[in-house]
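What follows is a set of notes on a single structure, which appears directly below.
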Amino acid sequence: MLEVQDLRKRFGDKVALDGVGFAVQPGEMFGFVGANGAGKTTTMRIVMGVLQADSGEVRIEGRALTGEDRRRFGYMPEERGLYQKMNVADQIEYFSRLHGMSATAARAATAELIERLGLTERRASAVEALSLGNQQRVQLAVALVHSPSVLVLDEPFSGLDPLAVDALAEVLKDRSASGVPVIFSSHQLDLVERLCDSVGIISAGRMVASGPVDELRDSEGRSVLKVVVRGAAPGWADGLRGQVTTDGGRDVLTVEDGDDQEILRTAVRAGTVEQFGRQRPTLAEIFREAVA
Amino acid sequence: MNTLLLVAGREIRTRIRTRSFIISLAVSALLVVGLAFVPKFLSGPDTYKVAVVGPTPAAVENIAFTPYPDEAAARAALAGGDADAALIDDRKIVSEGELDQRLGLLLENAHREAKIKSSGLVITPLQVETGADAQYEGVRTGIATLLVMVLFFLLIYSAMYVAMGVVEEKSSRIVEILLAAVRPWQLFGGKIVGLGTLGLINLGVVIGAGLAAASATGLVADLPPGMTGIVIGTVLWFVLGYAFFSALAAAFGSLVSRQEELNSVLTPMTTLMTLTYLVAYFAAVEPMGTLARVLSIVPPFSSMVMPVRSAATEVPVAEIALSAGLMVVAVVAVLLAGARVYNRAVLRTGARVKLAEALR
Ligand SMILES: Nc1ncnc2c1ncn2[C@@H]1O[C@H](COP(=O)(O)OP(=O)(O)OP(=O)(O)O)[C@@H](O)[C@H]1O
Ligand SMILES: [Mg+2]
């Protein structure tokens, strides 16, 4: 288990992190979301040891993280960086060696990953000759090639085409299924919702919500009741505390709280009920509410 | 350590294939070879051709006599360039333009000797004895001057590559993933070791080319004894000087995030190197001077002044030992301070990091 505990960091007068903490289980995919400047990158840099926290700690399996642990991590920084003039295969292989792999293992892992990420045709090209999306694939390969024990990826999906997004999603699912904790940040909340087991929402350097996605969506007071009624007279829902929108002869009523049965009876009296049920908020809705 | 060597290996593999490295190898080797041939061009021909009318004198070293029937024929040979001078009836010398001084002396001498011998007098020529220093002085000064240029060129060129590499990694942000995998000192050290190895290869090529050219031109006979010592000393001093200046280069380079800022941030280092070059040049010309003696002890000047001074003249072993000891201390200090600056500054992209801030 990877634990981030009460991280604090300031840059001059600016407080970037003000007590950030969360935990990621082995085999869990953790989505890290938050507005621009909320502190995601800063947190991940501290996890990777390229930035020092003012206080707080990152722990793995119950003990403080060491340099040796980090050497087995895989990291994709927000600001991508590769040797522009080095070719794809050499580059991936070099990084796997830096992460401690033997020469033969490095070569095999590099070949496999190049294949998997669809870079076979570009394996001998210099990085500078690749399109941005392909450079990103190489960046990803560099983060993955040494079969890391923990994956920390800062906005890995930005700049990828839909096919590449799917390919990356598959790779990440694979890795997490093999027992690796995966943390990634993203602004694509639908993607996070689809991929992640749990999420953490950070706002202005503080965690405002975190936990399994299902729990967050189900939790008390978050779900709304949605009723669709056909042929009702205008003003039928005036007595209820909800909002009505009209759409092609249908009234859609959304109510945040109230007595379900009472609302159903009112709706049945007013017209033909086509839909009635509680709707869980999307991650985007939870996010907006949490960050507001 | 393994990681450091991995980093060094990448530096070597990528740089050794670049055109700029090959060009620098070729240019420095050509420079040395060219300079080795210069004395030959300046020293005139090995044998002179002299047209003779009348009796042919006894054989003289370095002169080939060719008989001609009369003065007109001899003059024609002169004009046609077939002879350097003409000796007419053992009484006058004719030449096109000015008579070569050495040839004149040789002929004059031969003439006198023949006359003296025929009068029955026997003169034992004076024995010449010179000290070892004086005997090779010219060659030693030449070698020393050449060394100054080669060392300066290689030092500044290798150090610049270190600085450029550091900035490249910083500006491309690759340093962030590198430092997630390796310690800063491994990166710092690997770069210095890798590019230093290339510098040594280059130095080896230069020395090899120089010696090969010297033996091709016959200059080898004029080389002072202890040439091996001079070569080994030069290599060792190059290593020390390189370690010193490249650590400075890496540290200063880590302060900036763009190649365009590199020149200005490196000014203290390049100034120090140029100063070292100038005093070393001075030491080559005047190896016995006080300036040369003092600065061949003081680091980092000693890194260039000492090898140059030892090439130019004999230097007491104690002085060399003291100088080397001080330089090693200076190198260690600069490496430690440099690694510290690098460690603090290399991840701070954006505005130029202040040196004082990085050292604190
Ligand atoms: N090196 C730095 N110097 C000064 N302030 C910094 C530095 N790095 C980050 N900050 C500040 O810390 C705060 C958090 O930044 P961070 O990059 O972690 O945000 P983020 O959540 O990753 O944002 P984004 O979604 O835009 O990537 C911001 O206010 C930022 O301006
Ligand atoms: Mg960020």
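The values are calculated or read from the model by the stated rules, or taken from the named source; none is laboratory data. From a predicted model like this one, the values you see are computed outputs, not experimental measurements. In this analysis, Cβ positions are derived from the backbone assuming ideal geometry, glycine residues included, and neighbour counts consider all displayed protein chains. We work out accessible area using only protein heavy atoms, side chains counted, and drop any ligands, DNA or RNA first. Shrake-Rupley method; radii C 1.70, N 1.55, O 1.52, S 1.80 Å.
Some observations on this one:
- Tally of residues being away from ligand 1 (no atom under 16 Å from the Cβ) and either modelled with pLDDT under 90 or out of contact with any Pro (no Cβ under 8 Å at 6 or more places or on another chain) (or both) across the range A:176-195: 8
- Test: residue in the range A:84-92 that is in contact (Cβ under 8 Å) with a residue 40 or more places away in the chain, more than 20 Å from B:W185 (Cα to Cα), within 13 Å of ligand 1 (Cβ to nearest atom) and within 14 Å of chain B (Cβ to nearest Cβ): no
- Residue count, the range A:130-181 (criterion: assigned to a helix (DSSP H, G or I), closer than 16 Å to A:M44 by Cβ and more than 14 Å from every other protein chain (Cβ to nearest Cβ)): 1
- Some residue of the range A:42-63 being outside any loop (DSSP other than H, G, I, E, B), away from ligand 2 (no atom under 16 Å from the Cβ) and open to solvent by less than 40 Å² (accessible area, probe 1.4 Å): yes
- Of residues in the range B:47-65 being open to solvent by 60 Å² or more (accessible area, probe 1.4 Å) and polar (S, T, N, Q), the one modelled with the highest pLDDT: B:T56
- Restricting the range A:144-190 to residues that are among the hydrophobic types (A, V, I, L, M, F, W, C) and within 16 Å of ligand 2 (Cβ to nearest atom) leaves a set whose member that is most open to solvent (accessible area, probe 1.4 Å) is A:L189.
- Of the residues examined, A:S203 is not one that is surrounded by 17 or more Cβ atoms within 10 Å (Cβ to Cβ) and in contact with a Phe, Trp or Tyr (Cβ under 6 Å, 6 or more places away or on another chain).
- Residues being away from every other protein chain (no Cβ under 14 Å) and open to solvent by 10 Å² or more (accessible area, probe 1.4 Å) - total across the range A:10-38: 17
- Within the range B:190-215, the residues that satisfy the criterion of being over 17 Å from the mean Cα position of the chain (by Cα) and either within 14 Å of chain A (Cβ to nearest Cβ) or open to solvent by 20 Å² or more (accessible area, probe 1.4 Å) (or both) are B:G190, B:K191, B:V193, B:G194, B:T197.
- Given (1) closer than 28 Å to B:L187 by Cβ; (2) open to solvent by 10 Å² or more (accessible area, probe 1.4 Å); (3) in a helix (DSSP H, G or I); (4) not aliphatic (A, V, I, L, M), number of the condition B:S303 does not satisfy: (2)
- Scanning the range B:145-169 for residues that are more than 30 Å from B:R309 (Cα to Cα) and more than 9 Å from every other protein chain (Cβ to nearest Cβ) yields B:M164, B:G165, B:V166, B:V167.
- Set A:R107, A:R71: member being within 10 Å of chain B (Cβ to nearest Cβ) and closer than 24 Å to A:R137 by Cα: A:R71
- Total residues in the range B:161-180, condition polar (S, T, N, Q) and surrounded by 22 or more Cβ atoms within 10 Å (Cβ to Cβ): 0
- Any chance B:I93 is closer than 30 Å to B:N202 by Cβ, away from chain A (no Cβ under 14 Å), aliphatic (A, V, I, L, M) and open to solvent by 60 Å² or more (accessible area, probe 1.4 Å): no
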